[in-house]
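Following: one structure in structure tokens, then a few remarks.
The values are calculated or read from the model by the stated rules, or taken from the named source; none is laboratory data. Small disclaimer: the values here were computed from a predicted structure and weren't measured. With ideal geometry, Cβ positions are generated from the backbone for all residues, glycine too; neighbour counts draw on all protein chains shown. When the accessible area is computed, the model is the full protein with side chains, heavy atoms only, and any ligands, DNA or RNA have been set aside. Shrake-Rupley method; radii C 1.70, N 1.55, O 1.52, S 1.80 Å.
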Amino acid sequence: MSDLEERVIKTEEVYQGKLVTLRRDIVEIAPGKRALREVVVHPGAVAVVPFLDRETIILVRQYRHAIGQELLEIPAGTLKKGETAEECAQRELKEEIGYEAGNIRKITRLFPAPGYTSEAIDLFIASDLHPSKGQAEEDEVVEPVALKLESAIDWVRNGVIKDGKTIIGILIAWDRFQQAKGG
């Protein structure tokens, strides 16, 4: 056990929902010193920056109830039991933007809020898109938005795009785009 690692003394499931579980843990943070940790247990998710062509990405406009507003986001979704991250990414592309990727590459794993949730998001870049219809989620309404990557960067800088995974995905995609151009 490292000096920073916390050892679980007691754990209690407080709530079991459709998507998440809320757990309350008592942990030892130092010899003889304990703390309470509330953890939202999440099955994991994926997010994809889909390139329609070399300079154009597709985002989705979606209303987010928890914050009471619409956001522009890269296609994303929660892993289903037994599904790989790549399978989930392809499913989300079909469901949310009506495309399948001929080329899909994982670029990183991120933790959106590690202070209270176990959620990990595998982030992908997808290209060689071709139309492929998927069944949209029953509880989801999304509107695809094609946008030049350069405009997406401006929207990140100007605060139009506010979603964390989307900002990270766009910035990494921009960095890779600039490297490919030699700039």
>> Quick check on my filter: what residues within the range 128-160 are exposed (fewer than 14 other Cβ atoms within 10 Å of the Cβ) and hydrophobic (A, V, I, L, M, F, W, C)?
In response: ALA136, VAL141, ALA146, VAL160
> Taking GLN62 and the conditions (1) touching a helix residue (DSSP H, G or I) at 6+ places or on another chain (Cβ under 7 Å); (2) over 20 Å from PRO114 (Cβ atoms); (3) not acidic (Asp, Glu), which numbered condition does it fall short on, given that it satisfies the others?
Replying inline: (1)
> Of all the residues that make up the range 161-172, how many are open to solvent by less than 30 Å² (accessible area, probe 1.4 Å) and of a type in the set (A, V, I, L, M, F, W, C)?
Replying inline: 2
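Within the range 1-22, restricting attention to residues that are in a strand (DSSP E or B) and among the acidic types (Asp, Glu), which residue is farthest from the chain's Cα centre (by Cα)?
Looking only at the range 1-22, we keep the residues that are in a strand (DSSP E or B), and these are 7-16, 21-22.
Restricting the remaining residues to those that are among the acidic types (Asp, Glu) gives 12-13.
On the way: GLU12: 27, GLU13: 25 Å.
This residue is GLU12.
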> Which members of the range 1-35 meet the condition of being out of contact with any strand residue (DSSP E or B) (no Cβ under 6 Å at 6 or more places or on another chain), free of Cβ contacts under 8 Å to residues at least 24 places away in the same chain and not acidic (Asp, Glu)?
Replying inline: MET1, SER2, LEU4, GLN16, GLY17, LYS18, ALA30, PRO31, GLY32, LYS33
> Which residue pairs have Cβ atoms under 8 Å apart, sit 6 or more places apart or on different chains, and have a first residue in the range 96-119 that is within 15 Å of ILE167 (Cα to Cα) and of a type in the set (A, V, I, L, M) and a second that is open to solvent by less than 40 Å² (accessible area, probe 1.4 Å) and assigned to a strand (DSSP E or B)?
Replying inline: ILE107/LEU123; ILE107/PHE124; ILE107/ILE125; LEU110/ILE121; LEU110/LEU123
> On the given criteria, is GLU92 open to solvent by 60 Å² or more (accessible area, probe 1.4 Å) and either over 16 Å from GLU140 (Cβ atoms) or touching a Pro at 6+ places or on another chain (Cβ under 7 Å) (or both)?
Replying inline: no
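Pick out the one residue from ILE121, ILE104, ILE125 that is open to solvent by 40 Å² or more (accessible area, probe 1.4 Å) and of a type in the set (A, V, I, L, M, F, W, C).
Step by step, each of ILE121, ILE104, ILE125 is checked, and only ILE104 is open to solvent by 40 Å² or more (accessible area, probe 1.4 Å) and of a type in the set (A, V, I, L, M, F, W, C).
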>> Quick check on this structure: which one of GLU140, GLU87 is of a type in the set (D, E, K, R) and touching a residue at least 24 places away in the same chain (Cβ under 8 Å)?
In response: GLU140
>> Could you list, ordered by first residue, the pairs with Cβ atoms under 7 Å in which the first is in the range 38-59 and surrounded by 15 or more Cβ atoms within 10 Å (Cβ to Cβ) and the second is among the acidic types (Asp, Glu), at least 6 apart or interchain?
In response: VAL39/ASP25; HIS42/GLU119; GLY44/GLU119; ALA45/GLU119; VAL46/GLU92; VAL46/ASP122; VAL48/GLU92; LEU59/GLU73
>> Here is a check on your reading of the model: is LEU71 open to solvent by 10 Å² or more (accessible area, probe 1.4 Å), in contact with an Asp or Glu (Cβ under 6 Å, 6 or more places away or on another chain), among the aliphatic types (A, V, I, L, M) and in contact (Cβ under 8 Å) with a residue 40 or more places away in the chain?
In response: yes
>> Please go through the range 18-37 and give me each residue that is among the aliphatic types (A, V, I, L, M) and either in contact with a helix residue (DSSP H, G or I) (Cβ under 9 Å, 6 or more places away or on another chain) or open to solvent by 70 Å² or more (accessible area, probe 1.4 Å) (or both), ordered by number.
In response: LEU19, LEU36
